[in-house]
Every structure is written in structure tokens, then in C-alpha cells.
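J.: Before I ask anything, here is the structure I am working with.
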């Protein structure tokens, strides 16, 4: 069995640590609440925090090396693309934002040529506008920069 | 069965087959088939994506669509398991053991024919057993009080936490995190704000729609991108299929006893929250191999190794609706999302639905039934195009799913915070998947938290007033005992899974 070098934190333990810190912060926040509002979350969070600390110690004491997990770089790139989708949607609204994102993804990530990327992006934006705004009569999120019909 | 139930069943049947309502189960089944035939995507993600589309729909259409999503997803995941050795869902992994060797031996059509027939007939078995249980479910739902509902929530959560995933501690911690996150916002009793950390967005608590979209749809897409698969099946060219569909269908009737036993196993296991259909399929497979006179062919392309798990997998859909509809406790991820969708339309499973909205309950059941048959029949007809579809480049598909997920989260309340929440939960969901943290207990805890907290306060108040005696109620004590048992059952099933993984590794050598 491969052994992990001493002092290195296993990659997966960062997630456990993040959950532990979140539970700890929430438990600390309960001390600002009145007694009737605090006791249920305190009970739940104390048990949860105990379990998370138990899990974290077990992971840190484990001698097994991290499994070889390919795809971390691709996952980071996926998260970056998601960030872009959020930004363009916030700026351009619920129909134009996803359409622009689709165009960018198809051209720069999937390597499609401009004409099909433009056409598919436009079809997506139009479909979202028609299906979710015009037909049900619901206004779309307008975006910080543009105001689209709907 | 009394006249009210029969009337409701017939009225619902008429509604399902009326125009234009018939379009909903058909369209829902086609969408579920498309999604579940794509490894890496799943029906829970599809259900989460569909929630925003149905905001303005009437509850009948919602029931028809979501019933079809529950029923339409199961069989198509088996097609990819049989053809490409990649299960559409975890529950289809067992089918790979004998299905893929059959494809390698030029018997793909036989395996798919058998899977389609046992799926359709298995789901029929599960649905009719569910209908037979409705009078009992109604009686149970009416008789339960706050102490029983409190213990049901505790039992449901503990069972799911203990039985889903590889680690009991991780499962319980995920459930605890879900409960804690559900407490963000106003306290239901004192109206005091909890855990908002100064953010206005959190005043109303975490909304289930962006959380579901993130944890399932977005996490699934990030995982698909991280996997680096060029096409959905991982293969660039479509291969010709051999064998005979008719021979596969006939094999179900040749082994009818095994089919009935496997369907019963699936229905019973489906009704227990958290055990999940993967276990149902494996137990049915284990039963098939243990009860066979000649076991030597199992793992090398035995048709019974396809029949048993497929019958159990589809029969479990009916069973899974028993706790969902009767008690409001979802049996798994799909039914948790279904519960979320129902609550958005003001439908509360349990007493209210089984007494006041019985027709809608039957609409859901008939839609599930219909979709299971549509998916099997269409699945047989569309095997070749589906096999071609799986060679589509993932890079062309991904922007649509990403855009739809973020759009869905945003359109629910028109708050950019919901889209940010979906993306955050997408990243968390991906990391949980990658580092073997179960997402199901977290999601179900989020869904069950209001039931838990409200009934906890009610029980304590009633106990204080001397209106109930918590410790003298037989069902409460039974549920307490079941909770303790489920905590011990978890490690046992963990060993069972390890055994299954070892066996799969020996048999297929492919990815689980």
C-alpha cells in the first residue's frame, strides 16, 4: 500500500475541514440567539460537529496515500466556466446571459466555428425567452446591463 | 378496497389518458429516457431542472410529468450498462455483471429485450402492490400524531444516513449538516433570525430548488467535465448489436418464478427509506445466483443475471412511493426532489394528500405505470438511435445543461442569489461526490427538517400539557427500535457493498 508522507493533509480532508469549520461557525452563532431559538440548533450542531471532528481525525490518522484522482484541473476549469455563466447572466439577464455563455463555450471550449456557435447560442436564448417568459407570461430576470422583453 | 379509492383510481386513469394530459407522461418519459441514457446525467438532475418550468402549471400536469420522470429513468440506465459497461445510475451497475458480457458475446439485443420486459412487468408488480396498500397507508397517515411524525423523521434520516454511502459517520454528519442548513432563516416558533450572518438573502432560508439544481444537475455536469469523456459513452463509434429481442422477452416467462421473487424483493426494499435500488438489484442478483442450480454462468453473460436486478430495480419505484406518499419521507434522491416539487405546488404528502387529493395520488401512480411501459417499449424501438446518440460530444451538450440549471435557479424567484447558491452547491456537490461524501442524507435532511422541528416542538408542548405520553406510544417505540437497528444495519450493508464491488471487479473489470 502507498503511504502518505507525514505532515501532508489528504486532499479529501480539506472538504471535511471546511464542513467542520462551517458547523463550528454555526454553533458559535447560536450563542447569540435566545434560549428558545438556540437549543434545537445547538443540539443538532453539537452532534454534527462531534461527528465531523471524529471523521477529520480518522482521515488525518489514516496512513493511506491519496488515491490518484485525475481531472482536478478540468474540474477547476468547469468551476471557472460556471463563474463566467453567473457573471454574464447577472450582467445580461436570464435569456441573453446563457446565450452568450453558450456561444463562448462552444467557440472557445468545444472548438466550434463562429457561425454554428452564434446560431446555437441565439437559438438557446430565444428558446429560453419563448418557453419560460412568453408562453407562461413570467418576466425574465432583466440583468444589470440590459433589459430584454418578457 | 372501498368505493372512494376505486372511484379515485378510475377518475385518475381517465385523466391520464385524456387530451392534452397524455402528452405530459409521454414527454416526461422521453426526457427521462434521454437523460438516463446519458452516463453522468441522471433523472434527479432532470427533475431539478424541470421544477422551474412547472411553476405556473396546475398540480395535475406536475404529477403527470414527475411520475413519468420517476418511472422513465430506470430502464434506460440499463441500456448503457449493457451496451457500454457504464451504468446510467448506480442501481444499473448490477446489470453490467451479466449484461455487458452478453454484449461481448453478440447477445446485446437479447439482454436488452430481457431487461425491457422484466422492467415493464416488474414496475407493474410494484405499482399494483402500491395500489393495494393505499387503504392501509390512508389509515396509517390519519392515525399518526406529532410524536410519530417526529420519530418518522428521525428514523428516515438515520436510516438514510446509515445506509447510503460508504461511511456511517459521514452519512450521519451529512444529515446533521443538512438539518443545520435547513435552520437558516426565521425560527418557526419564535420568528427570531438564525444563521443569516448579515445576509438579507438568507432571511427566508435556503431554498430547495437552487440547492437541488446545484447538488444534482451542476455537480453532475462538473463531474462529467472532470471525467474528460469526449462522448457520453466514452466511445466514438456506434457498434452493431447482435442477438434477438424476442428471445430476451421470452426468457422472462421462462424464469417467471425468479421474476416474481425479484419484483417482490424490489418492492419491499424500495419501501424502506435509504436502502436504495442499488441494494435491491444486488439482493435480487444474489438471490438469482444462489437459487440457481447452475451458477457457473453468472458473471459471464447469464440472462438471469439481467432479469433479476432489472425486475427488482423497476418494482422498487412503486415501493419507494409508499413512504413518500403516506408519510412524506422520501425513499431516495428522486423521491426527495419529487417531494420538493410537490411542496412548491402546495401539495403535502401524508394525511392531507391521501385524504383530500387522492385523485392526484393515483395520477402520479398511473403516470409512473405508463412511463415504465413507454420507456420499455420505446427503449426497444430506439436502442440503435440511442446507441448513436451516446457518441455525441459532451462539449456540445454541457453548455445547455449548465445554462438551464442556472436559468432555472434564477427564474424561481428572480434573485441572482439563487443562481449563486446553485453554483456553490454545485461545487460542494461535486466535491462530496469526489471525496465519497453521501449527498442524499444532506438533501433529505433539508427536505425533512421542517417536519422534524415542527413536530419536535409540538410533541414537547403536548407532553408538557399532559396531552400525550411520548414513551407509552407503541409506534414511537417501534420507530425508536428501528432507528437503533438501522444504525447497526449500515455497517453490515457496507460490507455487502464491498463484497459486491469485489465481485464486480472480478467479473467485469470495467468501471463501477
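J.: Could you give the nm distance between label points at residue B:143 and residue B:436, where each point is 7 Å from its Cα heading toward the beta carbon?
T.: Each label point lies 7 Å from its Cα, and together they span 4.3 nm.
J.: What average number of partner chain Cβ atoms lie no more than 10 Å from the Cβ of the residues making up A:39-50?
T.: Taking all residues of A:39-50 together, the mean is 5.
J.: Given a Förster distance of 60 angstrom, what is the FRET efficiency for residue B:104 paired with residue B:189, based on the Cβ-Cβ distance and rounded to 0.05?
T.: So, using R0 = 60 Å, E works out to roughly 0.45.
J.: Over region A:13-61, what is the relative contact order in whole percent, taking alpha-carbon pairs under 8 Å and six or more residues apart?
T.: Computed over region A:13-61, the figure is 54 percent.
J.: Shielding of B:180-189 by partners, i.e. mean partner chain Cβ atoms within 10 Å per residue?
T.: 4
J.: For the pair residue B:199/residue A:84, report the inter-label distance in nm, with labels modelled 7 Å from Cα in the Cβ direction.
T.: Once both label points are built, they end up 2.5 nm from each other.
J.: Pairs of alpha-carbon atoms within less than 8 angstrom and 6+ residues apart define the contacts here; what relative contact order does region B:138-229 have, in percent?
T.: 14
J.: Also, I was wondering about something else. Just subtract the alpha-carbon distance of residue A:145 and residue A:21 from 0.36 nm times their residue separation and send over the number in nm, one decimal.
T.: 40.9 nm
J.: Can you tell me, using C-alpha contacts under 8 Å and at least 6 residues apart, the relative contact order of region A:72-134 as a whole percent?
T.: Reported relative contact order: 27 percent.
J.: Sorting check: for B:358-371, B:175-188, B:205-218, A:71-84, which peptide has the highest mean count of neighbouring beta carbons within 10 Å, and how do the rest follow?
T.: By packing density, highest mean first, the sequence is B:205-218, B:358-371, B:175-188, A:71-84.
J.: Further, regarding this structure: Once you have a ≥ b ≥ c as the square roots of the Cα gyration tensor eigenvalues for region A:72-134, tell me rounded if a/c is under 1.5, and otherwise prolate or oblate according to whether a/b is larger than b/c.
T.: Oblate is the answer for region A:72-134, as a/c is 1.5 or above yet b/c matches or exceeds a/b.
J.: For residue B:467 paired with residue A:34, estimate the spin-label separation in nm (one decimal), with each label point 7 Å from Cα along the Cα-to-Cβ line.
T.: The answer from the label model is 2.1 nm.
Readers should treat all values here as calculations from the given coordinates under stated rules, not as data from a laboratory. If you're wondering where the values come from, they're calculated on a predicted model, not measured in any experiment. Positions of Cβ are generated from backbone atoms using ideal geometry, with glycine treated the same way; all protein chains shown enter the neighbour counts.
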